[in-house]
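Below is one structure, written out as structure tokens; comments come after it.
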Amino acid sequence: MRLPKVRRPRLPRTRAGRRRLVQAVMAGCVLALLPSTWLYVTTEGRLRNPADAPRTAVAVVFGAGLWDGEPSPYLAHRLDAAAQLYREGRIKVVLVTGDNSRKDYDEPDAMRAYLTRHGVPDTRIVSDYAGFDTWDSCVRARKIFGVDRAVLISQGFHIRRAVALCEAAGITSYGVGVTDRHDVTWYYGGARELFAAGKAALDVAFRPDPRFLGPKEPGVTNALASAH
């Protein structure tokens, strides 16, 4: 069976046609980069490193996958940063937010177990089991757990989006970007952010409800009360 021939697209033959093509390509590139530019502009002055993170009652750690039930290396580095901030007295409570959409996959409990092994008391950890994406985590942190100010902990390629979305959700946010070696996963994450930035802009524009909202929970309030 002979396969049909695929015709190559023809370039415009006239100079004016080629100029319009170049202009269209340039316009497409500009539009594609607008969301990323918006993230950089809106988060200016909001990024910190663990050494100069502001003293804030709550830190939010976003899920980043499990390997055989344990935090992935990237997630472990986020949790290490949270444990360090706790030991230094810069935070009092850690809100771990991640995916628990099925019984055999529980990011928040794995994150909690890791933190307790690294010196954070169980009473100072609060779990959000419906943090299915960054926007859901930010909205739920504000509406369900009552967080209005927080240090956010994630990798550098994700932290600006996290800060922008949590700010849009009503949380005064400071981002702590965790440093990782630039391996394949890091470059994949950076490339993925170009597309995720577009979704973030749409989330801010339309402000959809999280996949699961539910009733308010006193976990953060109770954990802060126990810290006094």
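Couple of notes before you dig in:
- Solvent-accessible area of Asp122 with every protein chain in place, 1.4 Å probe, in Å² to the nearest 10: 80
- For segment 107-116, 3J(HN,Hα) per residue [Karplus equation, 6.51 cos²θ - 1.76 cosθ + 1.60, θ = phi - 60°, Hz, x = Gly/Pro]: 5, x, 5, 5, 5, 4, 4, 5, 5, 5
- Vicinal HN-Hα couplings computed from phi for segment 210-220 (Karplus, 6.51 cos²θ - 1.76 cosθ + 1.60; Hz; Gly/Pro x): x, 4, 9, 9, x, x, 5, 10, x, x, 5
- Backbone geometry of segment 122-127 corresponds, through the Karplus equation with coefficients 6.51, -1.76 and 1.60 at θ = phi - 60°, to 3J(HN,Hα) couplings of 4, 5, 9, 10, 10, 10 Hz, x marking Gly and Pro.
- For Leu66, residues with placed amide H under 5 Å, excluding near neighbours: Ser72
- Only Lys, Arg (+1) and Asp, Glu (-1) charged, at Cβ; segment 106-228 dipole about Cα centre in debye: 240
- The accessible surface of segment 79-140, taken with every protein chain in place and a 1.4 Å probe, is 46 percent carbon and sulfur.
- Taking the Cα centre of segment 30-188 as reference, the dipole from Cβ charges on Lys and Arg (+1) and Asp and Glu (-1) amounts to some 560 debye.
- Within segment 64-176, antiparallel bridges make up roughly 30 percent of the DSSP beta bridges whose residues both belong there.
- Taking a Cβ cut-off of under 12 Å around Thr42, the surrounding Lys, Arg, Asp and Glu residues balance to a net charge of +1, with basic ones at +1 and acidic ones at -1.
- The spacing between segment 44-84 and segment 121-161, judged by their C-alpha centroids, is 10 Å.
- Mean separation of Cα pairs under 8 Å and 6 or more residues apart, divided by the residue count, gives segment 90-150 a relative contact order of 36 percent.
- Here's how it looks for Val126: its modeled amide H is under 5 Å from those of Val94, Leu95, Val96, which are all 5 or more places away or on a different chain.
The values are calculated or read from the model by the stated rules, or taken from the named source; none is laboratory data. Small disclaimer: the values here were computed from a predicted structure and weren't measured. Heads up, the Cβs are rebuilt from the backbone with ideal geometry, glycines too, and the neighbour counts pull from every protein chain shown. Each accessible area value is taken on the protein alone, full model and side chains, heavy atoms only, with ligands, DNA and RNA left out. Shrake-Rupley method; radii C 1.70, N 1.55, O 1.52, S 1.80 Å.
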